[in-house]
Every structure is written in C-alpha cells, then in structure tokens.
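Please read the structure below before turning to the comments.
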Amino acid sequence: MSSATSLLPLAKFEVSSVELLKYHPPVLENSNKAYLFSLCRPKVLVDNRVYFSRWKAADLPDSSSFLTHDFCYPSIFQYGSDSAGEISWHVNFADSRLFGFYGGPLFAQDEMQVAEHPCLGALRELLGETYYHSERSTSPLVKALCSTTEQIIAPLTASNYQPTPCLVAGAQRWCSINSYGLYGNSFAPAPKAAIKEATRILNPPTLSNIIAMEAPKYGRGLYTADQILYILTTAYTAFKAARLESDRLNALNNQGSAPVKVKIYTGNWGCGAFGGNPELMAILQLVSACLAGIDELHYHTVVPSPQHQAALVKYNKIWKEKVGPRSVKQLIQDVLAYEFKWGMSNGT
C-alpha cells in the first residue's frame, strides 16, 4: 500500500470501429451467435473511435473516506444515456482471457455483453492476433500497433497472478437482449425465433464504456486476507482507471477541464461460475469505489436480494464505527472479521 498511488497502463490505443470490424470481424462458432450478429448488424456502419487500455495492478492507497452509493437495483444493466458532465462504465464479469468465450455456446453476463456490443468480439480478435500471431499477420491494424508501440498488448485481464483489468470506451451497442429463458446454457439450443423475439435492435446504435475485470475463482472455506486484498486491488485498479480515463475523455471531447461525474454499473461480479460470496463481493466493490473516487456505484442484482441489503448494512457499519479517513489495512481486517465463506459455482 502506498500514499502515492501509481496507476500505469500496460497498453493503450484507439482504433476506428469500422476498420476494427472490417479487418477483425467476430469469430462466431455458435450458429445462434452468428444469427444474432447478422440480425443486428446495421446496413450502414457508423464510424467512431474505440479506446482500449490495459492496466497494471496498482498499490492501494493508505486510507480512504466514506462515500455513499446507490445500491441494489433488482434488474440487469439498462445502459441509459449520460447527462452532460457524466460518464458511465459497465462492468464485464470477465475471465482472465478477455472476452474469451464470446463466440461459443455459453450466454452468461460476459458473453451477453459482447453479443450486444459486437465490436468487443472484434477487439478480442485484434488483441489475440497482435499478441499471438503478429509476425504472420496481414492486418494493417496489427502492423500499426506493432510498429508504433512497445506496450504489452494482450487479451488478458490477469497475468502472472496479478490483475490487469481492461477498459474499452466507445463500444457500439447494436441491440438489447431480454435474456429470460436464454441465459447461460439455454441460449445455444434455443430456436432462432425465440432469439429474434427477445432482441430489440438499436437504430442508431448507442455507445457504452466497459470495464473488464476477473474475480478470483473456485475458492473453498473462509476467505483469506490475501484473497480480500487481491479482490480489492483488482476492483480498485479497474475503477481508478475508469476515473482517469473519464477525465481524459472528458477533456478530449469537451476540450476543457471541467470535472466529470463518473458512474459505474456493476453487480454480482465473480458470484456465478466462479463461486464468489455475493455479500463480500458487494462490500469490496463499494470500498473500491470509495478508494478510486467514483461518484456513483449502481449495483444490479437482477432480482430482489436480501443478501445485498445485508452487505450494505455491514459496509455502513465498517465505515461508521470510526470518524474520518480509515486505514485500508484496518478495513481489510474489519471485513475479514465477518468470516465470509466461498460459495459454489452455478455452472455459468
């Protein structure tokens, strides 16, 4: 932990959304994924800049002050439009292999987000070709990246046992999908008529900003201090990167330095296939938002969740037992005292 918190990008670049789809179209092995892509693809593609960044794990600050956040929306992400002076980010519950399963049969949160934002799949193909096959690539985008940077361009949200969260700003959202009856393993065998009925095409597409971060997985028994520290480091790095990128994009787009309100939309990160504890993951994301200076954290639980109301009570108790800035080391000990246990994977 450090009082002078450093946050450094391992890689950062921007690319044309049209060129991204032209040279690195999504590879969709599953026939229903391919059908959905063809159903939603605009007849005329509108170009915009897509900004990618990958971040080195940051040291946590020594202390933080309490902030309140909006909490517990019993719904999925809505991807609403931002008001002037606001920038929103939506969390992707990623695997270490960034968007690694988007083209296959699974339709969990990660894959659903890519299905609605196809450029994320295209970005995965660009990153993979740059990282694994650059020497034999004929893509002008790969050649440009390799010739202009010595950055570590990799399709990985974690590497060498350290988190490396990835951010994507300016991802076009082509459709909105009602996942009821399609989620998880139900998507692949679904009839195409059901997929079409569940899909609302967005014309014109909207733009989203995505935070991809991997939670630890498949633990057993009580959470350890090291595991809690790793989760905090991951979420803090990702949220602080979103804070920095928001300030940069706000200055770039508005050609000014007026402060921007940063909002993050998240949910049960790491609590499905990875078996994380919903209460603990909620508390640690709330703490990370405070550490990173996020203005609003919106927590979507899909359905009403007493667990997350309990998490909010514990979060408030942790902060309010003492007045003023809190030591992060003491916060970790306070969380550890609740003796949170790992759950079980739900298979998706």
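Applying D = kT/(6 pi eta Rh) to segment 194-341, where Rh is the Kirkwood radius over alpha-carbon pairs, T corresponds to 4 °C and eta to 1.567 mPa s, the Stokes-Einstein value obtained is 76 µm²/s.
Check each of the GluC sites (Glu not before Pro) in segment 264-348 and keep only those in coil by DSSP with at most 16 other C-beta atoms within 10 angstrom; list them in order.
Values: sites: 279, 296, 321, 339; in loops: 321, 339.
When the GluC sites (Glu not before Pro) of segment 264-348 are filtered for loop state and at most 16 Cβ neighbours within 10 Å, 321, 339 remain.
Accessible surface for the chain, divided over its residues, is 45 Å² per residue with a 1.4 Å probe.
For segment 217-272, what is the Kirkwood hydrodynamic radius in Å, using each pair of distinct C-alpha atoms?
With all distinct Cα pairs of segment 217-272 included, I get 13.7 Å.
Computed in the context of the full set of protein chains, the accessible area of the chain at 1.4 Å probe radius has 53% of its extent on carbon or sulfur.
Normalised Debye scattering of the chain at q = 0.06, 0.10, 0.15 Å⁻¹ gives log10 I(q)/I(0) of -0.21, -0.59, -1.36, counting only Cα atoms as equal scatterers and leaving out solvent.
Within a straight-line Cα-Cα reach of under 20 Å, residue 314 can be paired with the following lysines, leaving aside sequence neighbours fewer than 8 residues apart in one chain: 322, 329, 341.
The separation of segment 131-180 from segment 196-229, counted between C-alpha centres, amounts to 17 Å. Using the Stokes-Einstein relation with a Kirkwood hydrodynamic radius computed over Cα pairs, the translational diffusion coefficient of segment 144-234 at 4 °C and a viscosity of 1.567 mPa s comes to 75 µm²/s. Altogether, the Stokes-Einstein calculation at 4 °C and 1.567 mPa s, with the Kirkwood radius of segment 92-173 over Cα pairs as Rh, returns a diffusion coefficient of 96 µm²/s.
Hey, what number do you get for the chain at 222 nm if only DSSP H runs of n ≥ 4 count, each worth -39500 (n - 2.57), divided across all residues, to the nearest 500?
That comes out to -11000 deg cm²/dmol.
Every Cα-Cα pair in segment 156-203 was counted, and those over 12 Å apart are 72% of them.
Tilt of helix 225-254 relative to the longest C-alpha principal axis of the chain, in degrees (0 to 90, nearest 10)? Value to nearest ten degrees: 60. Using Cα positions and a limit of under 19 Å, work out the aspartates and glutamates in reach of residue 22, with same-chain residues fewer than 8 apart set aside. Hits, sequence-local ones excluded: 14, 47, 116, 125, 129. Normalised by the number of residues in segment 135-279, the average gap of Cα pairs under 8 Å and 6 or more apart makes the relative contact order 23 percent. Checking every one of the chymotrypsin sites (Phe, Trp or Tyr not before Pro) in segment 150-208 against DSSP loop status and a limit of 12 other Cβ atoms within 10 Å picks out 161, 180. Rounded to the nearest 10 degrees, the angle from helix 306-320 to the longest Cα principal axis of the chain is 50 degrees.
The values are calculated or read from the model by the stated rules, or taken from the named source; none is laboratory data. Quick caveat, the model's predicted, so the values are computed rather than measured. Because the Cβ atoms are built from the backbone with ideal geometry, glycine has one as well, and the counts that use them run over all protein chains shown. The accessibility values were calculated without ligands, DNA or RNA, using every heavy atom of the protein model including side chains. Shrake-Rupley method; radii C 1.70, N 1.55, O 1.52, S 1.80 Å.
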